[in-house]
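Derivation of every value follows stated rules applied to the coordinates shown; laboratory data play no part. Computed from a predicted model, the values in this text were never measured in an experiment. Every residue, glycine as well, gets a Cβ built from its backbone with ideal geometry; the counts of neighbours run over all protein chains shown.
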């Protein structure tokens, strides 16, 4: 028996048929048109699902959407502007009515976490934390091998804990959120700031993105080194907080920043070890990258129903 | 069928027979002698349990111990000095051998959390967080109506998340732990500091404890007001972090600081509401005191086996 997994991204929607082993049997990608009414977009999605049903035995649909949802009502509450037209639509009910299948909704970070928990290198761990380090910082929690939800599925907003209550103002309104220090956005902003003091940096007058900054760090550029050292410190402190709260078996990193590979992972592991995984003498916490890459959104969404 | 609940405190051990409804049928209290070898203390405990077995039908023993434990080995790793002699003893195995009963160990904060989850005012909530505000700050997590454990049962050290990575040094070695701001110890230290600037305070030259400070606050003493206002801010920020991570149904406060009653609860609730329970638009989080008082240690320990 197979499941349809839907990964709603910022610009496109990926839809796949996934089998019990997490293998994708068929997939298609459709563009998001921000001006299209949400109900029309959902009926386009339903058509694709229904066409899959002709070829594959499908028992349900899992759908992952970025933003803050209200799972008790099957709705998107906040998300990027491209999904504005989806707000206040009961996605679960709408898709159920149009496909006559069981539909389960969750947010993208939770879905990526489920993909790792079911089909990743560290599958079947009792306690697993995933941090997505991209434009923002998100996360998901596996506890007793199940996805942690919280009220209305609104738990695990792991980017918005404050690690410095007197610190930077975050987009969410609080001060010192992990996202304000450990997102790719924060890394770029920090680099912009420091470049004023380092006119000879390789990064001067470059259009900045994460990759360019890590490349300069690899070449031992001083400005990049200072920014990355601070980045490791901030992210490391956030990770120590999650070691202390959850004492997980493993913490996995994903998102654009994870492309830095060992340039990030090695010093981050050292920082966490040097600080005794949060509390001296307690069980060590494995720190690694998520193992599933581009299709983790489809596979994770499918895992909601598998 | 009944259960024996054992609450190991700093100076005494309370042992009770508890029925399925969480009612204590019989209880005794024995002093802790820090010089007594751990094995001797445990065999005294076992004698009491075995004497209960003569009168009551007992199916198991739950035991709550302060400190950091290794539940995979049934041992205390770190705790207050009074329990030094218990370290490196497999408490579970020792008591099982001496009583021929099923024995379950956990730490005191987890046990207090279980008591609330099973028998408190907010019993049966899906997601519940308990914070103990005493000499230190501890905590427990209920997720999907079960106690969250983490690796070796070492999760939920909720007092040691950093809310200010550049902030105060905590006893644990980190900077800015919630415990360094929101424990009774921190409240007393903060008061001592501020009194240097307020020679006319009601608190000047008093031997300080939590109660005296809250009493001065009630009488509108300026120094106490400043300290308490900061205390609400620190604790409020810690609570916002836990709202964001868990989006729990309820966060309960217990420990000595909870005796401040509405002097604490009212402004704290206002602070959390003013900050949108962490993230604007998400489900509100109830904030209240734990409802079980002095016997929650016995009842919670019993809940480990009930």
If you stretched the chain out fully between residue A:185 and residue A:21, how much longer would it get, using 0.36 nm times the residue separation minus the C-alpha to C-alpha distance? 55.5 nm
If one compares the long axis through the Cα atoms of helix B:184-195 with the longest principal axis of the Cα atoms of chain B, the angle in degrees, nearest 10, works out at 30 degrees
Calculated from DSSP H runs of 4 or more alone, at -39500 (n - 2.57) each and per residue, what is the 222 nm mean residue ellipticity of chain B, nearest 500? -11000 deg cm²/dmol
Per-residue mean of C-beta atoms belonging to partner chains within 10 Å, peptide A:277-286: 5
FRET efficiency for residue A:124 and residue B:218, Cβ-Cβ distance as r, R0 = 51 Å, nearest 0.05? 0.40
Ordered shortest first, which distances in nm separate the 7 Å Cα→C-beta label point of residue A:280 from those of the other copies? 4.4
Taking alpha-carbon centroids only, the stretch B:22-37 lies from the stretch A:5-73 a number of Å equal to 59 Å
Normalised convex hull volume, the stretch B:17-107, alpha-carbon set, Å³ per residue: 97 Å³
Quickly rank A:256-262, B:160-166 as a protection proxy: mean count of other C-beta atoms within 10 Å, highest first. B:160-166, A:256-262
Can you tell me how the stretch B:84-187 classifies by the Cα gyration tensor, rounded, prolate or oblate, using a/c under 1.5 as the rounded cut? oblate
Only Cα pairs under 8 Å and at least 6 apart count here; give the relative contact order of the stretch A:1-40 as a rounded whole percent. 33 percent
In degrees, nearest 10, the alpha-carbon axis of helix B:108-119 is tilted away from the dominant principal axis of the alpha carbons of chain B by 80 degrees
Relative contact order computed over the stretch B:130-201 (Cα-Cα under 8 Å; 6+ residues apart), in percent: 26 percent
So, in Å, what gap is there between the alpha-carbon centers of the stretch A:96-135 and the stretch B:130-173? 26 Å
For chain B, take the longest principal axis of its alpha carbons; what is the angle in degrees between that and the long axis of helix B:38-55, to the nearest 10 within 0 to 90? 70 degrees
Here, residue B:209 and residue A:200, labelled 7 Å along Cα→Cβ, have an inter-label distance in nm of 6.4 nm
Report the far tail of the P(r) of the protein assembly as shown, meaning the percent of Cα-Cα pairs longer than 45 Å. 23 percent
In the stretch A:115-153, which residues have a backbone nitrogen under 14 Å from the label point lying 7 Å from residue A:72's Cα in the Cα-to-Cβ direction? A:150-153
Residue-averaged beta-carbon neighbours from other chains (10 angstrom radius) around B:151-160: 6
Need one word for the stretch B:188-234: rounded, prolate or oblate. Basis is the Cα gyration tensor (sqrt eigenvalues a ≥ b ≥ c); a/c below 1.5 gives rounded, then a/b vs b/c decides. rounded
Spin-label point model (7 Å from Cα, Cβ direction): what's the residue B:225 to residue A:168 distance in nm? 3.7 nm
Need one word for the stretch B:182-264: rounded, prolate or oblate. Basis is the Cα gyration tensor (sqrt eigenvalues a ≥ b ≥ c); a/c below 1.5 gives rounded, then a/b vs b/c decides. prolate
How many nanometers, to one decimal and shortest first, lie between the label point of residue B:33 and those of its other copies, if labels sit 7 Å from Cα toward Cβ? 8.5
For chain B, what does the relative contact order come out to in percent, with C-alpha contacts under 8 Å and a separation of six or more? 21 percent
Descending packing, highest mean Cβ count within 10 Å first, for B:18-31, B:230-243 is B:230-243, B:18-31
Averaged across B:74-80, how many Cβ atoms of other chains sit within 10 Å of each residue's Cβ atom? 1
Least to most buried among B:149, B:1, by other C-beta atoms within 10 Å and fewest first, runs B:1, B:149
Residue span residue A:40 to residue A:294: 0.36 nm per residue of separation minus Cα-Cα distance leaves a gain in nm of 88.8 nm
